[in-house]
Every structure is written in structure tokens, then in C-alpha cells.
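Trainee: Quick one: the structure is below, and I'll ask about it shortly.
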Amino acid sequence: MVRSAFATVPFYRERWALGGRTEPRLGSGSAEGAVSTEDLVRAAVDLAPLAGGPTGFDPVRGLGGLLPLARPTAGDGLLVALEHPGARPVWDLPRGWRGCLVDAEVDDPALPEVGAALGAGRPVVAVGPDKALDGFTDRVPGGDRVHRVPRRTLDRLDSGPYGVLHDPVLGYLGVLRDCGLWHLDWTRVYARRTRAGLAFTLLRQRSPRLVDALVGGGVPGRVEWCPRHATPVVRTVAG
């Protein structure tokens, strides 16, 4: 992904040339070549490959694939992502599941669909910040039966019992599993430790290309191996 980005994406090609490099390799300096998400947002138009592609960021990317690890997904259920309008629909859901976006700050038109699912006895999982989850479950009849999955940022990881790791630019990056560790979505997300903090790369997203991004402005941490599940986990000062 690094080699491809440096060869085909204007933003990385320019940074590469300014750094005097002629081959893809880890950078030097305090950030070791990693880029802040703020810089990526400012350069959004240059993150598409030269052959073209979308430049918008997807705050719900990865959520569907992580759902089975965040909560049981037996039966036909409804996943509610508490996002502001304009986010893309949730996709890649388990068979039989539907997804919808709900604006946690207003009486969203999707609320009747949530009420109907609860009334029919279907499982409903809501994902969002703690305050938004509180407001959502208070406004929906039968909200006490909603399965809550708190959304955490890299600098605010806790011990759960449930949670997903999120960044507004890169989307959903990992999940808290039953071992109590924060697991990377390792088939879609790569992370490495730098002197500036943990840097993340989206492995399957072709545009906009997000490589070596310092999530949260750079959060100190490390990548380890889970002894129970044998997959990568992240640990931070906070988590």
C-alpha cells in the first residue's frame, strides 16, 4: 500500500519528492513519515489516485464488518449508526441485517423504523458516543432493549465491556473483544508505532488513499499480539 500510494497518489508523491526519497521506505524525523489526519483533510482532493476516484471521507467505513465482534448478530437485526446527515450508508452487514443512520440531535425520520424493529422483537444495535446513545435510547419506545456499543477514540479507550474504535476520517478501526483487548480490524487496517504516535493505514480503500495516518493527532501506544485470539491489538497510555 505504501509503494502504491507513493507511486500513484499526488499527495504522497509530493511529500516523497520533497523528502528527497526515490524509493518507498519509512521516513525519518519526529513522525517517521506519518501524516496527521488534519493534513489529510486539508489535502483531500489530492488523496485520489492519478487514475481518479472519490475524495470524500467515510465515517462509517468498517462498521458492518466489525458488528459480529461487537455484539451477537443472530437473527434479522437493525444496526443504527448515530451520525450526522451526509454520512454514507452502512454496508457489509451480516446476512439478514439492515443498517440506518440516525441523527442523534433531532427527531430523525428513521426513528419509526427502529421502533418497528423493537416492536417485532428484532435485535437492534446502536453505535455512537455515550451521550448520543443516552439520548437515542430515551427517545425510542422500548429503548431499554437496544444493544449499545459505545464509540471510542484512540485517546479514550477503556475496558468496556463493549466498544468500537473510531476516527472521523478513517472510520472504524477496531473492536473491544471478550478478552478485554482492543483488536485491530487487521484484514482492513494496519497500524505501526512511530515516535509521534500510532499511525494507521487502510488496506482495502483505494480512494481516498489513507496511509500512515496519525489518528487523534498522534497518540502514544504500541501494537501487540493477543494471546487468546492470535491477532493484533493496540494499547495506548489511556487503554
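Residue by residue, here is whether (1) touching a residue at least 24 places away in the same chain (Cβ under 8 Å); (2) farther than 22 Å from Leu69 by Cβ; (3) of a type outside the set (Ser, Thr, Tyr) holds:
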{"residue": "Arg188", "(1), (2), (3)": "yes, no, yes"}
{"residue": "Thr194", "(1), (2), (3)": "yes, yes, no"}
{"residue": "Phe200", "(1), (2), (3)": "yes, no, yes"}
{"residue": "Arg204", "(1), (2), (3)": "no, no, yes"}
{"residue": "Arg209", "(1), (2), (3)": "yes, yes, yes"}
{"residue": "Asp212", "(1), (2), (3)": "yes, yes, yes"}
{"residue": "Val215", "(1), (2), (3)": "yes, no, yes"}
{"residue": "Pro220", "(1), (2), (3)": "no, yes, yes"}
{"residue": "Val223", "(1), (2), (3)": "yes, no, yes"}
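Trainee: Being among the acidic types (Asp, Glu) and surrounded by 16 or more Cβ atoms within 10 Å (Cβ to Cβ) is the filter here; which residues of segment 114-138 pass it?
Mentor: If the condition is that a residue be among the acidic types (Asp, Glu) and surrounded by 16 or more Cβ atoms within 10 Å (Cβ to Cβ), then no residue fits.
Trainee: Same structure again: Determine, yes or no, whether Pro141 is open to solvent by less than 70 Å² (accessible area, probe 1.4 Å), part of a loop (DSSP other than H, G, I, E, B) and not small (Gly, Ala, Ser).
Mentor: no
Trainee: Suppose we filter Pro68, Pro54 for residues that are out of contact with any Leu (no Cβ under 8 Å at 6 or more places or on another chain), open to solvent by 40 Å² or more (accessible area, probe 1.4 Å) and over 24 Å from Val140 (Cβ atoms); which single one remains?
Mentor: Step by step, each of Pro68, Pro54 is checked, and only Pro54 is out of contact with any Leu (no Cβ under 8 Å at 6 or more places or on another chain), open to solvent by 40 Å² or more (accessible area, probe 1.4 Å) and over 24 Å from Val140 (Cβ atoms).
Trainee: Using the structure shown, decide if Gly174 is open to solvent by 30 Å² or more (accessible area, probe 1.4 Å) and either at pLDDT 90 or above or in a loop (DSSP other than H, G, I, E, B) (or both).
Mentor: no
Trainee: Oh, and also: In segment 216-234, what residues are within 16 Å of the chain's Cα centre (by Cα) and at pLDDT 95 or above?
Mentor: Matches in segment 216-234: Val219, Pro232, Val233, Val234.
Trainee: Collect the residues in segment 80-112 that are of a type in the set (A, V, I, L, M) and either part of a loop (DSSP other than H, G, I, E, B) or at pLDDT 95 or above (or both), keeping them in residue-number order.
Mentor: Scanning segment 80-112 gives Ala87, Val90, Leu93, Ala104, Val106, Ala110.
Trainee: Would you confirm, using the coordinates I've provided, whether Gly33 is at pLDDT below 95, buried (at least 18 other Cβ atoms within 10 Å of the Cβ) and not in a loop (DSSP other than H, G, I, E, B)?
Mentor: no
Trainee: Criterion first (under 27 Å from Thr236 (Cα atoms) and without any contact (Cβ under 8 Å) to a residue 12 or more places away in the chain) does Asp155 satisfy it?
Mentor: So Asp155 does not fit the description; no.
The values are calculated or read from the model by the stated rules, or taken from the named source; none is laboratory data. Note that this is a predicted model, so its numbers are computed, not measured. Here Cβ is always computed from backbone atoms with ideal geometry, including for glycine, and neighbour counts include all displayed protein chains. In case anyone asks, the SASA skips ligands and DNA or RNA and just uses the protein heavy atoms, side chains included. Shrake-Rupley method; radii C 1.70, N 1.55, O 1.52, S 1.80 Å.
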